[in-house]
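Have a look at the structure below before the remarks.
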Amino acid sequence: EAVSIRRRLAADRPDAFRPDLAMSLNNLSASLSDLGRQEEALAAADEAVTCLRQHFLGIPRAHAGNMLMFLRNYIDRAEEAGATPDIDLIGPIVEVLNRLQNPPDDE
């Protein structure tokens, strides 16, 4: 139900509510995985990463913690479902996370 409510809110005000929708989808993914519904869990995890991706790429430091959590969940769900993670989806995210963890020297 939380996902449905946040979908409606995000449809009206995406900038305000897409991060909340992403969190709900991530939580749904974990619950579906616990129930053994791996393909549905992967779909929810994929949507969570997709929902937060634009916000993360725009303001990485503000969303890095959640994105790292969502990304780990997505990769775990893909492994459980026997699927290969979508490199087009996660590649740019991984690059930014790596830059945040290993900033270039200013020298």
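The values are calculated or read from the model by the stated rules, or taken from the named source; none is laboratory data. Model, not experiment: these values are computed from the prediction. Here the Cβ is made from the backbone with ideal geometry for all residues, glycine too, and neighbour counts use every protein chain on show.
Computed quantities for the displayed model
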{"quantity": "Flag for ASN102 being among the polar types (S, T, N, Q) and either at pLDDT 95 or above or touching a helix residue (DSSP H, G or I) at 6+ places or on another chain (Cβ under 9 Å) (or both)", "calculated": "no"}
{"quantity": "So ALA62, is it touching a Ser or Thr at 6+ places or on another chain (Cβ under 7 Å) and within 20 Å of PHE17 (Cα to Cα)", "calculated": "no"}
{"quantity": "Single unsatisfied condition, ILE90 versus (1) farther than 25 Å from GLU1 by Cα; (2) surrounded by fewer than 17 Cβ atoms within 10 Å (Cβ to Cβ)", "calculated": "(2)"}
{"quantity": "Within the range 14-68, tally of residues that are loosely packed, with under 15 Cβ neighbours inside 10 Å and not small (Gly, Ala, Ser)", "calculated": "9"}
{"quantity": "All positions within the range 1-39 that are of a type in the set (D, E, K, R) and more than 17 Å from GLU80 (Cα to Cα)", "calculated": "GLU1, ARG6, ARG7, ARG8, ASP12, ARG13, ASP15, ARG18, ASP20"}
